[in-house]
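Asks: Before anything else, here's the structure in question.
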Amino acid sequence: MNPENQSNPVEKTLFGRVVKSTSCEIPSSLSESRKKRLREILSHSEKSYPLFRRVYAEKVSPRQAIKAKCLDCTCWQRAEITNCTVETCPLHDFRPFQKGDEDESEDQPASVA
């Protein structure tokens, strides 16, 4: 069985507790560099993994891609995105989780206007 495409629940230790997850499949169609990056993301932040998997494997909105980049830049710390002071970043004005944002959910797809 290919460990990258497991459909059975996978037991992982996350922050000292055992977590079962079925959403940790890495699509075989991805390049080796993207597979490697997804494994790294999974080891750091299981909560952010589904977003990165969608960004790498599917067409996503610019808003979701920006959210993924900001999470990556801040080591998956939402509060750091909210308090980001890197005003020279081209994405600074478009970053998620700004004070007053209505969409605070990680898994909510961006609405198309």
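Asks: Compute the signed sum of charges (Lys and Arg +1, Asp and Glu -1) over the other residues within less than 14 Å, Cβ to Cβ, of K69. Present the calculation step by step, with values, prior to reporting the outcome.
Replies: On the way: positive: R37, R54, R63, K67, R78, R95; negative: D72, E80, D93.
Result for the local shell: +3.
Asks: Could you list the GluC sites (Glu not before Pro) in the stretch 32-74 that lie in coil according to DSSP, counting only those with at most 11 other Cβ atoms within 10 Å of their Cβ? The partial results should precede the final answer.
Replies: On the way: sites: E32, E40, E46, E58; in loops: E46, E58.
The qualifying sites are E58.
We did not get these values from a lab; they are worked out from the coordinates using the rules stated. On a predicted model such as this, the values are computed, not experimentally measured, just so you know. For neighbour counting, all protein chains shown are included, and Cβ atoms are generated from backbone atoms with ideal geometry for every residue, glycine included.
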